Amino acid sequence: MLRSMRYGEADRILHLYTPARGRVGAIAKGVRRARSRFGGRLEPFFRLNIELHEGRGELMTVTGAHTIDGYPRLRGDARAIDAAARACDAVGRLFETSEPHPGVFNLLCRQLTILDARATTPEPAGPGGALAFRLKLLLAAGLAPQLGSCVSCGEHEHLVGFSGAAGGVVCGACEAGSFPLGREAHQFMADALARSLSEAPQAGTAALAQVDRAVSATLEHHAHLRLIPAAATAR
């Protein structure tokens, strides 16, 4: 579940992301009553086997829900909760239609699993993991930036900048209109796209800020979308 909102005296509006139907909206009637049969499972960051009734309105009605994974450790760590909320917000806004993207569903489940496993530990998932997740979302959306050569002229050397409008890295001769992208940031982006989420690379604060800007510029130019920063310390 991506998010939920109170509705009326005892109901909740749910934003769900499903492998077969993409993003869907549903109403859970009476869920906020003390004796609700759903208990506390209709909350964000639960992975559920959920039963829905499709009526005439825009919202489906929840008729049953069984927990697959509640990510309990995640809920006890403020940093992990914040990271999970940012991940769900990114998925819900970038993939907001009913078009199915099972790969995106699996990617989000994997990210929540990682956050849960690292919650309350000395080394929680930091901004590097959050940015690696967003880069993989760009790939799933068909918006992955070109990193192997200059997006303007094809040059493979002296790649010093990034252009969100052009969709990738640019060389020194084509850097007009771009912003600096250092070697560490460039390498982070390439590694993040090549590795699994559990092996997400790390980088220094300045490099991660450049990566965050590159991801944001790509989304703004090609998806007309501005997300909240991937992590509180990324900028």
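Taking the conditions exactly as written (assigned to a loop (DSSP other than H, G, I, E, B) and touching a residue at least 12 places away in the same chain (Cβ under 8 Å)), does VAL151 satisfy them or not? Considered against the rule, which asks whether it is assigned to a loop (DSSP other than H, G, I, E, B) and touching a residue at least 12 places away in the same chain (Cβ under 8 Å), VAL151 comes out as yes.
Of everything in segment 186-214 that's among the charged types (D, E, K, R) and in contact (Cβ under 8 Å) with a residue 12 or more places away in the chain, which residue is surrounded by the most Cβ atoms within 10 Å (Cβ to Cβ)? Result: ASP212. Only one of the listed residues (LEU147, LEU139, LEU135) is assigned by TED's automatic domain parsing to the domain that holds ASN106, under 20 Å from PHE105 (Cα atoms), surrounded by fewer than 22 Cβ atoms within 10 Å (Cβ to Cβ) and modelled with pLDDT of 95 or more. That residue is LEU139. Residues of segment 167-185 that are outside any strand (DSSP E or B) and surrounded by fewer than 20 Cβ atoms within 10 Å (Cβ to Cβ): GLY167, GLY172, ALA173, ALA176, GLY177, GLY182, ARG183, GLU184. Residues in segment 54-94 that are outside any helix (DSSP H, G or I), closer than 29 Å to LEU138 by Cα and either touching a residue at least 40 places away in the same chain (Cβ under 8 Å) or under 13 Å from the mean Cα position of the chain (by Cα) (or both): LEU59, ASP69, TYR71, PRO72, ARG73, ASP77.
Rundown of residues vs (1) within 15 Å of VAL24 (Cα to Cα); (2) of a type in the set (Ser, Thr, Tyr), yes/no style:
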{"site": "ILE68", "(1), (2)": "no, no"}
{"site": "TYR71", "(1), (2)": "no, yes"}
{"site": "LEU74", "(1), (2)": "no, no"}
{"site": "ALA83", "(1), (2)": "no, no"}
{"site": "PHE95", "(1), (2)": "yes, no"}
{"site": "CYS109", "(1), (2)": "no, no"}
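In this structure, ALA231 does not qualify as modelled with pLDDT of 95 or more, within 15 Å of the chain's Cα centre (by Cα) and within 30 Å of ALA117 (Cα to Cα).
The values are calculated or read from the model by the stated rules, or taken from the named source; none is laboratory data. All values derive from a computational prediction rather than experimental measurement. Here the Cβ is made from the backbone with ideal geometry for all residues, glycine too, and neighbour counts use every protein chain on show.
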